[in-house]
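Before any comments, here is the structure.
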């Protein structure tokens, strides 16, 4: 069993703090209402952090990423005040497409299920 590493703990705390800060402290009026910090991956040396973001509407992706890249310095400085680390990682925002991918697969499965005729042979037991 692998121990819960220090970088994993830091990433989890960063995810929680960034989620709150993006909702409450990023004051750009163009920011969509529903932005989620899906995950944070911190490098072993704590120099960099990849912050995976999702939005409720896929069309909000570009504006959200532009706003967050512009606010990265502000968010990093706020993180340094909230999380006591010797080095506060540089933030790199990445749009997480896994939710969209999952929704697309789910829709394809639902569509395929509708196209398969129901099995009316109720006498066969498998």
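Rank the residues 110, 8, 60 as a footprinting-exposure proxy: fewest other Cβ atoms within 10 Å of their Cβ go first. Walk me through the intermediate numbers first.
On the way: 110 10, 8 14, 60 19.
Listed from fewest to most nearby Cβ atoms, that is 110, 8, 60.
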Check your understanding: Nearest 10 degrees, 0 to 90: what angle lies between the long axis of helix 6-24 and the longest principal axis of the chain (Cα atoms)?
Key -> 90
**Study point:** Counting DSSP beta bridges with both ends in the chain, the antiparallel % (nearest 5)
**Key:** 55
Practice item. Give me the number: length gained by fully extending residue 85 to residue 116, i.e. 0.36 nm times residue separation minus the C-alpha to C-alpha distance, one decimal in nm. Key: 5.5 nm
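Given the Cα-Cα distance of residue 74 and residue 36 and 0.36 nm per residue of separation, how much length would full extension add, in nm?
On the way: separation 38, 0.36 × 38 = 13.68 nm, distance 1.81 nm.
Separation in residues times 0.36 nm, less the Cα-Cα distance, equals 11.9 nm.
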Point to revise | Label assignment, Rg and Dmax of the Cα atoms in Å derived from the structure, set (1) 14.5, 49; (2) 20.4, 70; (3) 15.9, 48 | key: (2)
Practice item. Rounded to the nearest 500, what is the 222 nm mean residue ellipticity of the chain from helices alone, with -39500 (n - 2.57) per DSSP H run of 4+ residues and division by all residues? Key: -16000 deg cm²/dmol
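Report the extension gain between residue 50 and residue 107 in nm, rounded to one decimal, defined as 0.36 nm multiplied by the number of residues separating them, less their alpha carbon distance.
Details: separation 57, 0.36 × 57 = 20.52 nm, distance 2.91 nm.
Extra length from residue 50 to residue 107 when fully extended: 17.6 nm.
Values quoted throughout were computed directly from the atomic coordinates according to the rules given, and no laboratory measurement underlies them. Just so we're clear, the structure is a prediction, and the values are computed from it rather than from any experiment. Here the Cβ is made from the backbone with ideal geometry for all residues, glycine too, and neighbour counts use every protein chain on show.
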